[in-house]
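This report concerns only the one structure given below.
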Amino acid sequence: MARTPVPGTRDTVLTAAAGLFYRYGVRAVGMAQVVEAAACGKNLLYRHFPSKASLAAAYLRLYRTERERSVAEALRWADGPGPKLVTLVGEIAEMVRRPGYRGCAFRNYLTEFPGENDEPARVAKQYLADSRTQVAALVSELGGDDLMADRVWLVVDGLHAGPPDQARVAVDWVTEIVQRRSIA
C-alpha cells in the first residue's frame, strides 16, 4: 500500500531542487541529488515531478514568483515611469551584489540548454519577454522610444552578467538616460 505523502512534501522537494539548480546548474544536478537533498524517496519525487524538466520548470516558476514579489515591493513607492525605471534597475543591482548571486536563473537555464523549447525554456523565455515588456512600457510612459527601451534592457542584461562592483554604474547610467529623456 502506498504511503500518504506528508503535507508540504512537494514544497520541500522543490526548495531542495531550487537550491541545487541555482548553485550548480540544472544540467549538473541529477535527480538522485535532489532525492538526497530533499530527504525523500525517488517515488515521492516522481509523484510530484514526473521528469527533471517538470522539476526545472517548477523551479523557474518559483524563481519568477520570487522575482516578481521583489520587483513589486521595490516599485511600490516609486512614483512615475522615470523613478520606476531607476528603481527597477536599482533592485536588480542590489540583487547581483548579494553574496551567493550566481546569475539570473532564467538566463542561466537558457545558456545551459541553448535552442531548447521544453517547458523550462518556455518558462524562462516568457519571464524574460515579460520583463522586457515591463521595461518597454515604463520607457513608453516616459515618452521614450524603442531605442531607449533597448538601451535600458541592455543595462539590465549587463547587470546580470557583469561584475557586482559595477552595479552602481548601471543605476547611474539608467538615471542619466531617464534624466536626458525628462529634459528633452
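FYI, it's all coordinate maths here, none of it is from the lab. For clarity, every value in this text was computed on a predicted model and none was experimentally measured. For neighbour counting, all protein chains shown are included, and Cβ atoms are generated from backbone atoms with ideal geometry for every residue, glycine included.
Data table
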item	result
Sites matching trypsin sites (Lys or Arg not before Pro) across region 92-184 that sit in DSSP coil, with at most 11 neighbouring C-beta atoms within 10 Å	102
For region 53-183, size of Cβ-based charge dipole, Lys and Arg +1, Asp and Glu -1, in debye	220
Gain on full stretching of the segment that runs from residue 175 to residue 150 - 0.36 nm per residue minus C-alpha separation	7.5 nm
Proximal lysines relative to residue 52, as straight alpha-carbon distance under 21 Å, when same-chain residues fewer than 8 apart are discounted	42, 125
In order through region 87-98: 3J(HN,Hα) via Karplus (6.51 cos²θ - 1.76 cosθ + 1.60), integer Hz, x for Gly, Pro	5, 4, 5, x, 5, 5, 4, 5, 4, 5, 8, 5
Leading residue at positive end of dipole, the chain (Cβ point charges), from 136, 41, 152	41
222 nm mean residue ellipticity, helices alone, for the chain (DSSP H n ≥ 4; -39,500 (n - 2.57); rounded to 500)	-24000 deg cm²/dmol
C-alpha long axis of helix 167-183 to longest principal axis of the chain, angle in °	40
Helix axis angle, 52-75 relative to the chain longest principal axis, alpha carbon, degrees	40
Shape call, region 42-138: gyration tensor on alpha carbons, a/c limit 1.5	prolate
Sequence-separation-based contact order of region 53-183, relative, with Cα cut under 8 Å and 6+ spacing, percent	35
Label corresponding to Rg/Rh (Cα atoms, Kirkwood Rh) when calculated from the structure given, among [x] 0.93; [y] 1.03; [z] 1.06	[z]
Angle in degrees between helix 119-142 and the longest Cα principal axis of the chain, rounded to the nearest 10	20
Cα shape, region 100-184, gyration tensor, a/c 1.5 rule	oblate
Förster radius 22 Å - calculated FRET efficiency between residue 69 and residue 39 (Cβ-Cβ, nearest 0.05)	0.20
